[in-house]
Amino acid sequence: MPFGATLLDEGGVRFRLWAPGPSAVELVLEGDTGQAGSGQALPMQRLADGFFERVVPHARAGQRYRFRLEGGLAVPDPASRRNPQDVHAASEVVDPRAFNWPDDGWRGRPWEEAVVYELHVGTFTPQGTFAAVIDRLDELAALGVTVVQLMPVAEFGGARGWGYDGVLWYAPESAYGTPEDLKRLVAAAHARGLMLMLDVVYNHFGPDGNYLGAYAPPFFTDRYRTPWGAAINYDGADGTWARRFAIENALYWIEEFHVDGLRLDAVHAIRDASSKHLLEELAEAVAAGPGRTRHVHLVLENDDNGARFLTRADDGRPRHYTAQWNDDIHHAYHVVATGETDGYYLDYAADPVATLGRCLAEGFAYQDDPSPYRHGERRGEPSRHLPPGAFVAFAQNHDQVGNRAFGERLAALAPLPALQAVTAIHLLSPQPPLLFMGEEFAAATPFLYFCDFEGDLGRAVTQGRRGEFARFERFSDPALAATIPDPNAAATFEASRLDWASRSAPAHARMLALYRELLALRHAEIVPRLAGAPGGAARHRRMGARGLEVRWTLGDGSVLTLLANLGDAPLAGAGTPSGEGPSMRLLWRTAPVPNAPGDALGDALGDAPSDAGGEARHDLPPWTVSWWLEPGNVAC
């Protein structure tokens, strides 16, 4: 890398810092490996373009160091590969070549095989470490997962956090383990045929431990603002090194840690008026580098519904980004299943079933359409021309669970028949499904917003969190607002840990069995037909008030049809697809499941999960889903 600490082939370490602000910088060697004095300060040479450099012949891996600015402020390396004592302490030199990778033959997996499992390292296991995640990989593979996606792991302030307030983009979070521990996790995933992707944040830095403004003011700009503070200067005349910092970071995780792709958080907050957007330049760098020899998947989160980044080349491959998280489909699922219409769910309240149909067939619900929630502002770009694989679908994720006041999961909010129906649609749709950790067994533990800030910052975050919900009628009572969990309390973090022992309870075990059944069916019948699935070929129609039919043409010419009754009343004459062909067969069908009073899961879950071998019915009972297939040319 052009910055940071680099071990030299001839021995020693080259230390480089981009610091266009100060006129002098010192390298402070704080820890030692038996050869360097503790606290030794060495002047650094000023180079062109605002860089300072010092080569230390006796330094080696394990050396602790900081940079001292004029006035005495000592800061960590912004490109630190490891900061073992958190964001304010010294960085540590790491040898990136020391790990012995056992996955030389690994080339990844094609995107059409993707079943994504999003997890937070700190709450996924009781230990909360990279190493502990390895112990659960066999279960994820058996479930039918093919992609493990970690919420951000870049070093953030404190020991607890979601990761979206990272400040040392190149250093794996020390509370989770060492860089070598993360590499072991990636290698262990590959050994089980699992891809591993990272969530990365290039739209802002966190509020605790970001020292860049002290020595590199051009890194930020006041031309734009983000919801989280100063915007990064990606398009100014002096924005070259901010762009390089982000692009090198993407390459770093993919090349140095062998990850199979990245999910780029909230790219709508990356403001860039350059002739070539940062997102395009980053994707081209990945394609020209590690993407030449293996599958590397880049996925966006983009509240603007910007379909332009998802375009395909003539051969069907992505020009820049493989897919985008589709919040629209989550919101449609949520309104269908729960009936909630507060906040941004207002945009999906008028006709949630038809909106869901559009998401399944066309990708975005909002494709340059006016948003009632945004006071008529138009949102989105046309997406119907894109293939199903361009849209990551989910009924739950960290945002949509954790940004609720009490972190409730869908199983705590939706009646059981609705939960089962949404699950059956979600897991068998041609769009790649994403599961949020614990979803597969209807975890009862919440996933709350938590952090570990101190002093005025900690108090401001706690008050701000409660203020976010003040506009909701139910929290207008200050006494009720005060019950919202304090994000800085250790108990809030602990309450969010998954309870793996609960899977043995009957209701949770039956939900887990349902997920395994549906994902096995997906891999056997649907995945082999997805390669080359065209965009613009799906159709959807609403049947009655709450019925839905969606038809997709898949890559081998097969026709996959969904019939769903997403309401409480039977749907007459809708038991078989319209235009049924002679070889169409029923793949899977749910049966209605009664709710146990007072329990969204109930004890009846899975009493009649499917009757795929039975005769098709003429009517669709309430909350019934059926899947049908007219085969093409692939033998399954």
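Values in this text are rule-based calculations from the coordinates and carry no lab data. Treat the numbers as computed from the prediction; the structure is a model and nothing was measured. A quick note on method: Cβ atoms are made from the backbone with ideal geometry, for glycine too, and the neighbour counts reach across all protein chains shown.
The table for this structure:
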{"item": "Dipole in debye (nearest 20) - region 191-307, about Cα centre, beta carbon charges: Lys, Arg +1; Asp, Glu -1", "result": "160"}
{"item": "Relative contact order of the chain, pairs being alpha-carbon contacts under 8 Å that are 6 or more residues apart, as %", "result": "10"}
{"item": "Net charge of Cβ neighbours under 10 Å - reference residue 413; Lys, Arg +1; Asp, Glu -1", "result": "0"}
{"item": "Under 14 Å, Cβ to Cβ, from residue 336 - net charge with Lys/Arg +1 and Asp/Glu -1", "result": "-2"}
{"item": "Spherically averaged projected area in nm², based on the convex hull that wraps the Cα atoms of region 306-357", "result": "4.4"}
{"item": "Label-point separation in nm, residue 545 to residue 223, each point 7 Å along Cα→Cβ", "result": "5.4"}
{"item": "Alpha-carbon Rg with Dmax, taken over region 390-443, Å", "result": "11.1, 32"}
{"item": "Estimated Rh, region 173-224: Kirkwood, alpha-carbon pairs, angstrom", "result": "14.3"}
{"item": "Inter-label distance for residue 472 and residue 501, nm, one decimal - labels placed 7 Å from Cα along Cα-to-Cβ", "result": "3.0"}
{"item": "Electrostatic dipole magnitude of the chain [Cβ: Lys, Arg +1; Asp, Glu -1; Cα centre; debye, to 20]", "result": "680"}
{"item": "Considering only the chain, percent of DSSP beta bridges that pair antiparallel, nearest 5", "result": "70"}
{"item": "Charge-dipole axis of the chain as Lys and Arg at +1 and Asp and Glu at -1 on Cβ define it, positive-most pick from 354, 227, 478", "result": "354"}
{"item": "Gained length - residue 244 relative to residue 568, 0.36 nm times residue gap less alpha-carbon distance", "result": "111.2 nm"}
{"item": "Percentage, to the nearest whole number, of Cα pairs in region 112-298 over 21 Å apart", "result": "51"}
{"item": "Positive-end residue, the chain charge dipole about Cα centroid, Cβ charges, pick of 553, 55, 84", "result": "553"}
{"item": "Mean-position separation - Cα centroids, region 272-335 and region 523-568, in angstrom", "result": "23"}
{"item": "Among 212, 159, 186 the positive-end extreme of the charge dipole of region 139-246 (Cβ point charges)", "result": "186"}
{"item": "Ascending count of other beta-carbon atoms within 10 Å, so fewest first, for 106, 228, 18", "result": "228, 106, 18"}
{"item": "Residue-span extension gain [residue 104 to residue 313] - 0.36 nm each, minus C-alpha spacing", "result": "72.3 nm"}
{"item": "At q = 0.12, 0.16, 0.17, 0.18 Å⁻¹, base-10 log of I(q)/I(0) for region 454-599 (Debye sum, equal scatterers on each alpha carbon)", "result": "-0.87, -1.01, -1.04, -1.09"}
{"item": "Nearest-0.05 FRET efficiency for residue 618 and residue 303, computed from C-beta distance (R0 51 Å)", "result": "0.75"}
{"item": "Evaluated at q = 0.13 Å⁻¹: base-10 log I(q)/I(0), Debye formula over Cα of region 362-489", "result": "-0.77"}
{"item": "Antiparallel bridge percentage (DSSP; both residues within region 112-298; nearest 5)", "result": "35"}
{"item": "Rg/Rh (Cα only; Kirkwood hydrodynamic radius) as it applies to region 4-92", "result": "0.93"}
{"item": "Sites residue 479 and residue 181, calculated FRET efficiency, Cβ-Cβ separation with R0 56 Å, nearest 0.05", "result": "0.80"}
{"item": "Ranked 178, 129, criterion: other C-beta atoms within 10 Å, fewest first", "result": "178, 129"}
{"item": "Length gained when the stretch residue 537-residue 585 is fully extended (0.36 nm per residue, less Cα-Cα span)", "result": "15.2 nm"}
{"item": "Residues 379, 317 arranged by fewest to most Cβ contacts within 10 Å", "result": "317, 379"}
